[in-house]
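So the structure is just underneath, and the comments pick up after that.
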Amino acid sequence: MTTFYPGPSKVYPAVADYAADAVRTGIVSLNHRSAGFMDIVRETMRLLGLKLDIPADYHIAFVSSATECWEIVAQSLTGTGSLHLTHGSFGEKWRDYAYRINPAHTEPDVLCVVQNETSNGTQVSMQKLADYRQMLGGLFAVDAVSSMAGVALDWSLADVWFASVQKCFGLPAGLAVLIYSPDALQRAELLNDRSRYNSLLFMHENFEKFQTPYTPNGLGIYCLMRVLEQVPLIAEVDAQTRQRAVDWYAFFDTDQAGSEFQPLIRPTPGGQVGLPEALRSDTIIAVEGAPDAVSALKKAALSQGITLGSGYGQWKETTFRIANFPAITDDEIAQLRSFLQNRRGH
Ligand SMILES: *Cc1c(COP(=O)(O)O)cnc(C)c1O
């Protein structure tokens, strides 16, 4: 089975061995305050910094999901309210979660942006993030769930970045990486929220000691460490991701021009409008077609052992999505392309 689902997505096959190692060697039974476990946390953080090129003064914490990160930003980093610039369903969901926690948001002191909208295959460029930061000020929190570890991010542009690992990291769900700047920590100290098990200050004090306030997802952290050991530096991953994205868009714009399907985001008249500031994503290729054609295509793909991503939110029926994540191999991409080529005219 080959999956292009954009989350949970394809896991690196070697994760099966890493998980077996974790059980066989007793790592999953280590007390999370033991030296052995703390070494794993420390090494995982070091590898994240090294492989993703994270500034040395940024901090890292491990939590359970990106949704939890949305709440941590709302609870521990938002003073007066948050401003959400949305480009799709995930940005809207984040806003809804934040507003439930902070119903007043007239004078926002946190700016929240989803860098890569998994729902419709759009991304916000680093240049645009820089513009937002300059225009709007405040603490800047970025959801990079479906781009972190797939493309290079300019960490200096925001104070908080997070991603769960079931997208570009190529790992099973249940773990998320939360990265925050010295300014974010300062904001947390100013607000001094300590009322929750996952209050950022509380977590920070624990992670400084390579510990966690609660029993963490040790299996997930260990598998993340092992995956990070084998992935190339982000610059190399980024180049591959971008080239593959160029190839996918060229495939749908040119090779498949005049077919039933075309990229959802296109600059031409009649293209998807209302997303002027967003660009085609490098990691999520959203392709549009008539509902019947989309559903027939997904069914035909399945019969050949290929899972395509469904559409999401308002694009549920009229799009399918192709994850362009690092764990997917060239052979798998070739398999999907040849399936799509052969389908033409059916
Ligand atoms: C998948 C996704 C989420 C949700 O992640 P969870 O780990 O399920 O909480 C949030 N934001 C974006 C952009 C996503 O793609």
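The values are calculated or read from the model by the stated rules, or taken from the named source; none is laboratory data. Computed from a predicted structure; not experimentally measured. Cβ sites come from the backbone with ideal geometry, for glycine too, and all protein chains shown count toward neighbours. Only protein heavy atoms, including side chains, enter the accessible area calculation; ligands, DNA and RNA are left aside. Shrake-Rupley method; radii C 1.70, N 1.55, O 1.52, S 1.80 Å.
Restricting the range 84-107 to residues that are of a type outside the set (G, A, S) and open to solvent by less than 60 Å² (accessible area, probe 1.4 Å), which is farthest from the ligand (Cβ to nearest atom)?
Looking at the filtered set, the residue picked out is N102.
So, of the residues in the range 225-268 that are in a helix (DSSP H, G or I) and of a type in the set (K, R), which turns out to be most open to solvent (accessible area, probe 1.4 Å)?
This residue is R242.
Quick one: E236 ticks every box in (1) charged (D, E, K, R); (2) within 12 Å of K51 (Cβ to Cβ); (3) touching a helix residue (DSSP H, G or I) at 6+ places or on another chain (Cβ under 8 Å) bar one, so which box is it?
That leaves (3) as the condition not met.
Scan the range 1-18 for residues that are open to solvent by less than 30 Å² (accessible area, probe 1.4 Å), hydrophobic (A, V, I, L, M, F, W, C) and under 13 Å from G220 (Cβ atoms) and jot them down.
Result: V15, single match.
Answer yes or no as to whether V160 is of a type in the set (A, V, I, L, M, F, W, C), modelled with pLDDT of 95 or more and more than 16 Å from the ligand (Cβ to nearest atom).
Answer is no for this residue.
Could you check how many residues of the range 31-66 are within 16 Å of the ligand (Cβ to nearest atom) and surrounded by fewer than 18 Cβ atoms within 10 Å (Cβ to Cβ)?
Residues that pass the stated criteria total 2.
Looking only at the range 170-188, filter to residues that are open to solvent by 10 Å² or more (accessible area, probe 1.4 Å) and more than 16 Å from Y58 (Cβ to Cβ); which one of those is nearest to the ligand (Cβ to nearest atom)?
The selected residue is A173.
Select from the range 108-154 the residues that are open to solvent by 10 Å² or more (accessible area, probe 1.4 Å) and part of a helix (DSSP H, G or I) and list them in ascending order.
Within the range 108-154, M126, Q127, K128, A130, D131, R133, Q134, M135, L136 meet the criteria.
Could you grab the pairs with beta carbons closer than 7 Å, sequence gap of 6+ or different chains, first residue in the range 1-14 and of a type in the set (A, V, I, L, M), second one open to solvent by less than 40 Å² (accessible area, probe 1.4 Å)?
From residues that are of a type in the set (A, V, I, L, M), the pairs are M1/G305; M1/T307; V11/G170; V11/L171; V11/A327.
Restricting to the range 299-322, name every residue that is of a type in the set (G, A, S) and either over 17 Å from F261 (Cβ atoms) or in a loop (DSSP other than H, G, I, E, B) (or both).
S303, G305, G311, G313
Hey, can you tell me all the residues within the range 189-221 that are more than 28 Å from S9 (Cβ to Cβ) and either touching a Pro at 6+ places or on another chain (Cβ under 8 Å) or within 16 Å of the ligand (Cβ to nearest atom) (or both)?
Within the range 189-221, Y197, F202, N206 meet the criteria.
Mind listing whichever residues of the range 280-298 are open to solvent by 10 Å² or more (accessible area, probe 1.4 Å), closer than 23 Å to F325 by Cβ and assigned to a helix (DSSP H, G or I)?
K298, the sole residue that qualifies.
Please state which of the following conditions W70 fails to meet, knowing it meets all the rest: (1) within 14 Å of the ligand (Cβ to nearest atom); (2) in a helix (DSSP H, G or I); (3) open to solvent by 20 Å² or more (accessible area, probe 1.4 Å).
(3)
Kindly list the number of the only condition in (1) touching a Cys at 6+ places or on another chain (Cβ under 6 Å); (2) more than 16 Å from the ligand (Cβ to nearest atom); (3) closer than 22 Å to L185 by Cβ that fails for S76.
Going through the list (1) touching a Cys at 6+ places or on another chain (Cβ under 6 Å); (2) more than 16 Å from the ligand (Cβ to nearest atom); (3) closer than 22 Å to L185 by Cβ, S76 breaks only (1).
Please count how many residues of the range 156-169 are open to solvent by less than 10 Å² (accessible area, probe 1.4 Å) and not in a loop (DSSP other than H, G, I, E, B).
Counting residues in the range 156-169 that are open to solvent by less than 10 Å² (accessible area, probe 1.4 Å) and not in a loop (DSSP other than H, G, I, E, B) gives 5.
Restricting the search to the range 174-188, which residues are over 29 Å from S9 (Cβ atoms) and aliphatic (A, V, I, L, M)?
Selection gives L185, A188.
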